[in-house]
Amino acid sequence: MKVSYRWLQDLASTLPETPEAAAEQLAGQGFPVEDIVRPHPALEGIRVARVLEAGKHPNADRLTLCRVDTGEGEVQVVCGAPNVRSGGLYPFVPEGGVLPGGMKIKKAKIRGELSQGMLCSERELGLGRDQGGILELPDSLEPGTPLMEALALDDATLDVEVTSNRPDLLSHLGVARELAAGGSADLELPAFPGSDHLPLEVNSTEASGALAGVEVEILDPDLCPRYMAAVVRGVTVGPSPLWLQNRLRAAGSRPINNVVDATNYILLELGQPLHAFDLQRIRGGRLEIRSARAGEAIRTLDGEDRKLQKGMLLICDGEGPAAIAGVMGGEESEVSAQTTDLLLECALFHPPSVRDTRKALGMNTDASYRFERGVDPTGQPPALERLVQLIQAVAGGTAEPAVDLHPRPWQPAAIDLRLARVEQLLGVPFPAVRLRELLTPLGFQMNGEDQGSSLQVTVPGFRARDVTREVDLIEEVARTHGYHNFPETLGAFRPGTVPDDPLLRLQDRIRDALVARGLLEAQMPAFVSEDHGGVALQNPLSAQEGFLRSRLLPGLLRRVEYNLARGVRNVRLFELGTAFFPASKGASPREESRLAVVLMGDRRPPHFSASSEPVDLWDLRGLLEELAELLGHRGGGSLRVQGGKGDPPGGPFPPSELLDEGRSFHVAPAEGGDTVGWGGVVDPAGLDLPAWAGQVLALEVILPEEATEPEPVRARSAPAFPAVDRDLALLLPLDREVEGVLERIRDSAGPLLQDVYPFDLFSGPGLPEGTHSVAFRLRFLSRDRTLTDQEVDSQVEQVEAVLREEGITVRGAA
């Protein structure tokens, strides 16, 4: 929202002294100012001058020789504009001055006569497009007055970031309310130059009425709970006065003509959209507010022919659509230079209806932007009255009694604000008198005793959309009190007794494990292109990201490319997020919680004591085994590794096509079942990698829907008796899984076995082809006695017997 600081000052006298101070205050109240722009810095040095005498140039028919009072003396100026006259006031650039376009004014002889400056047009000053004549200034000004001061151009435009829940700040009045020391009590709408400020006579009714021979009826009160109309006859459509044009420009709006500018002015001042119809172009003497019918169409003010969908809210005359309610008017009833009689519309429309219509038609206007967020349901009468006054001031005319159709009267909400609840949420007590001081300036009405335990707060219309609960009021208390005024230390509090969801605790354990391994957590948007998602969004943020992701890894791989493009080779990232899948018609998409990991670069940080080694597939396998224990797959069976591309038995897993052929594996419980994840080397053909990048490793795992809690860690004393180690060297086929052998040893060694792990791998001469030797260390321990060699040997022989039955050759035992 672009806001003119001078406009704010006209609405409230108790504002901060400078635009910078106002920006700081707004930021502290939750509405940061993105930029402060001085609209006309190039006009410094340009002043008001009076033409004392204007006569014909002796050597040129189309030039005028002028004697000009600059306020500091008299100079001679040669001017080519046809409208310069004796006694008139005009902008003057002296010798040595610079125009906004950068042209420097020099003393020169023009057709033999000396010219010591320049009288300027709107276009030359950058204030408009009119270059047919010199810009005439009001007679009340004094020569020598700086032009910026004379035209109130010494302004600053604040670009305020307004959140979607605060439509009241889409107006200068709303911003002034936030900034004024006394809030609403300090606000006053100034009178317009040339306005008589006469009150507007209004005839109220429910759903139908008449004015100036036009019948007005609301046929769809659910979508239009209020509609007001007024007629002004005898207007003259033309350029707006300079003060109105300058005010609109300072707020980022382009002047058009005095009638349209008046509606835009009230929109920017009060936040209420309005529309002006040419009364003579309303066909059939009738206006009705109804939903569109099948096959209807309208040509809007932007010259586009638009097909209307059934259910869109329209303003129709006796022959068809005249405007799209809350979005844009129609060309058939447009105000033109020939218009003399106006019908002015001021309405309240249902926000979802305006939003749906605007989206369906692909339109976005200042009016729809405000209507779809919600305008003040009580703001129509003052807005219409002020519009009539402004049009009479800038375009003339006579107003007739207005009509107010109000079939759905708005009732203000009343909320109980408990003092104890305020203290509970904010951590500090607020007495009732302090709550009044904080909330009353914002427009809230307070009922109740200052010594009571609660106050009943009536919500004003301009806050009806966002203040609906007690907690909303407490937020207003905190915001206006000032977040910086709360104590920095936390008070005493009672922790909650409701435990976290088991899946959230599992995710915390996964985070701890991965961070301990040096990985960083990333959070990627769930919006992707159609290539990486199967659930289409109804309202996508962009055409390139119109789907919800069905896998997490592509987003992390984009981060890998981002890091590599900046010379960062060592990348260790993980993401815990949600994947989405289409469901049956009418049902919500199916969701899965997943974990994705990418690794590349060195295995460990560089150090002079050892050379760096890149991470490889076995590092990824070890990480996945650690994760499998956290996920509970170890208890339900060990992991199964299957090489190659393609969908594994047990269920498809779509991201498998990202892996390199022959260097990938799928993850599933050993006892069988659906695939729960996959990992491997990412196919470099699918990435934009520099030559020095090396391989990228990745894995993605489905988290269980119901996480199991790990066994609690119980402390016990250290063993009092020594352990006994035995080593077995086994001759294994190259395609035999070591994990399966470990499981067989654990199952057959008996209860005295404490641990078993492989510690040596040998392959080479002396071994049968297609085999290698893997040495395992078995550790036996009893917590109540020292084991004898006979006990341990018996257990080892039992293990050897089981292994021989499975065709495994035991090369020796020690």
So the check is Cβ under 9 Å with 6+ separation or different chains; which pairs have a first residue in region 281-305 that's free of Cβ contacts under 8 Å to residues at least 60 places away in the same chain and a second one that's part of a helix (DSSP H, G or I) and among the hydroxyl-bearing types (Ser, Thr, Tyr)? Arg281/Ser333; Arg283/Ser333; Ala292/Thr357
Test for Ala60: is it surrounded by 15 or more Cβ atoms within 10 Å (Cβ to Cβ), part of a strand (DSSP E or B) and more than 46 Å from the chain's Cα centre (by Cα): no
Would you point out which residue out of Ala49, Ala42, Ala108 is surrounded by fewer than 21 Cβ atoms within 10 Å (Cβ to Cβ) and either over 30 Å from Glu269 (Cβ atoms) or more than 45 Å from the chain's Cα centre (by Cα) (or both)? Ala108
Taking the options Ala185, Ala230, name whichever one is crowded, with 23+ Cβ neighbours inside 10 Å and at negative phi. Ala230
How many residues are part of a loop (DSSP other than H, G, I, E, B) and either open to solvent by 20 Å² or more (accessible area, probe 1.4 Å) or in contact (Cβ under 8 Å) with a residue 40 or more places away in the chain (or both) if we restrict to region 78-105? 17
Is it the case that region 574-595 has a residue that's in contact with a strand residue (DSSP E or B) (Cβ under 8 Å, 6 or more places away or on another chain), among the basic types (Lys, Arg) and under 16 Å from Val682 (Cβ atoms)? no
Scan region 705-723 for residues that are in contact with a Leu (Cβ under 9 Å, 6 or more places away or on another chain) and open to solvent by 30 Å² or more (accessible area, probe 1.4 Å) and jot them down. Glu705, Glu706, Thr708, Glu709, Pro710, Pro719, Phe721, Pro722, Ala723
Could you say which residue among Leu803, Leu731, Leu781 is out of contact with any Lys or Arg (no Cβ under 8 Å at 6 or more places or on another chain) and among the hydrophobic types (A, V, I, L, M, F, W, C)? Leu781
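Does Leu147 fit the bill of being modelled with pLDDT under 85 and surrounded by 19 or more Cβ atoms within 10 Å (Cβ to Cβ)? Spell out how you get there, then give the answer.
Numbers: modelled with pLDDT under 85: no; surrounded by 19 or more Cβ atoms within 10 Å (Cβ to Cβ): yes.
When the stated conditions are applied, Leu147 does not pass them.
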Specify the residue that is least open to solvent (accessible area, probe 1.4 Å); the eligible residues are those in region 288-313 that are aliphatic (A, V, I, L, M) and under 9 Å from Gly330 (Cβ atoms). Ile298
Could you grab me the full set of residues in region 758-814 that are open to solvent by 80 Å² or more (accessible area, probe 1.4 Å) and among the aromatic types (Phe, Trp, Tyr)? Phe759, Phe762
Among (1) surrounded by fewer than 19 Cβ atoms within 10 Å (Cβ to Cβ); (2) touching a Gly at 6+ places or on another chain (Cβ under 9 Å), where does Lys359 come up short? (2)
Answer yes if at least one residue in region 338-353 is of a type in the set (Ser, Thr, Tyr), over 16 Å from Gln309 (Cβ atoms) and either touching a residue at least 24 places away in the same chain (Cβ under 8 Å) or part of a helix (DSSP H, G or I) (or both), and no otherwise. yes
Mind listing just one residue for me: the one in region 548-585 that is surrounded by 20 or more Cβ atoms within 10 Å (Cβ to Cβ) and of a type in the set (Phe, Trp, Tyr) and, of those, nearest to the chain's Cα centre (by Cα)? Phe580
Restricting attention to region 511-528, which residues are in contact with a helix residue (DSSP H, G or I) (Cβ under 8 Å, 6 or more places away or on another chain), surrounded by 12 or more Cβ atoms within 10 Å (Cβ to Cβ) and part of a loop (DSSP other than H, G, I, E, B)? Arg517, Ala522, Met524
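Looking at Val724, is it touching a Phe, Trp or Tyr at 6+ places or on another chain (Cβ under 7 Å), at pLDDT 90 or above and within 23 Å of Leu803 (Cα to Cα)?
On the way: touching a Phe, Trp or Tyr at 6+ places or on another chain (Cβ under 7 Å): yes; at pLDDT 90 or above: yes; within 23 Å of Leu803 (Cα to Cα): yes.
Taking the combined requirement at face value, the residue satisfies it.
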Do any residues in region 783-801 that are in contact (Cβ under 8 Å) with a residue 24 or more places away in the chain have Cβ atoms under 9 Å from those of residues that are of a type outside the set (S, T, N, Q) and loosely packed, with under 11 Cβ neighbours inside 10 Å, where the two are at least six apart or on different chains, and which pairs are they? Arg783/Arg716; Arg783/Ala720; Asp784/Ala720; Thr786/Pro722; Leu787/Pro722
In region 111-139, what count of residues is obtained for those that are open to solvent by 50 Å² or more (accessible area, probe 1.4 Å) and of a type in the set (A, V, I, L, M)? 1
Among the residues of region 418-435, the number that are on the phi < 0 side of the Ramachandran plot and either in a loop (DSSP other than H, G, I, E, B) or touching an Asp or Glu at 6+ places or on another chain (Cβ under 6 Å) (or both) is 6
Which listed residue, of Leu438, Leu503, Leu455, is part of a helix (DSSP H, G or I) and touching a strand residue (DSSP E or B) at 6+ places or on another chain (Cβ under 9 Å): Leu503
Residue by residue through region 271-287, note down the ones that are open to solvent by 40 Å² or more (accessible area, probe 1.4 Å) and either outside any helix (DSSP H, G or I) or within 23 Å of Gly374 (Cα to Cα) (or both). Arg286
Within region 400-425, track down each residue that is of a type outside the set (D, E, K, R) and open to solvent by 40 Å² or more (accessible area, probe 1.4 Å). Pro401, His406, Pro409, Trp410, Gln411, Pro412, Ala413, Ala414, Ala420, Gln424, Leu425
Let me spell it out: the conditions are (1) part of a helix (DSSP H, G or I); (2) open to solvent by 100 Å² or more (accessible area, probe 1.4 Å); (3) free of Cβ contacts under 8 Å to residues at least 24 places away in the same chain; (4) not aromatic (Phe, Trp, Tyr), and Asp508 meets all of them except one. Which number is the exception? (2)
Note on region 683-736: residues within 33 Å of the chain's Cα centre (by Cα) and either within 30 Å of Thr809 (Cα to Cα) or assigned to a loop (DSSP other than H, G, I, E, B) (or both) are Leu687, Asp688, Leu689, Leu703, Pro704, Glu705
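Yes/no matrix, rows are residues, columns are (1) modelled with pLDDT under 95; (2) of a type in the set (Phe, Trp, Tyr); (3) closer than 25 Å to Glu591 by Cβ; (4) touching a His at 6+ places or on another chain (Cβ under 6 Å):
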residue	(1), (2), (3), (4)
Gly452	yes, no, no, no
Arg465	yes, no, no, no
Phe486	yes, yes, no, no
Gly496	yes, no, no, no
Asp500	yes, no, yes, no
Leu506	yes, no, yes, no
Phe527	yes, yes, yes, no
Glu530	yes, no, yes, no
Leu548	yes, no, yes, no
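Within region 7-22, can one find any residue that is part of a strand (DSSP E or B), over 19 Å from Asp154 (Cβ atoms) and open to solvent by 40 Å² or more (accessible area, probe 1.4 Å)?
No: region 7-22 contains no residue that is part of a strand (DSSP E or B), over 19 Å from Asp154 (Cβ atoms) and open to solvent by 40 Å² or more (accessible area, probe 1.4 Å).
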Check on Glu20, under 30 Å from Leu179 (Cβ atoms), in contact (Cβ under 8 Å) with a residue 60 or more places away in the chain and in contact with a strand residue (DSSP E or B) (Cβ under 7 Å, 6 or more places away or on another chain): no
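The values are calculated or read from the model by the stated rules, or taken from the named source; none is laboratory data. This is a predicted model, so every value here is computed, not measured. No Cβ is skipped: glycine too gets one built from the backbone with ideal geometry, and neighbour counts run over all protein chains shown. Side chains are part of the model used for accessible areas, which takes the heavy atoms of the whole protein and leaves out ligands, DNA and RNA. Shrake-Rupley method; radii C 1.70, N 1.55, O 1.52, S 1.80 Å.
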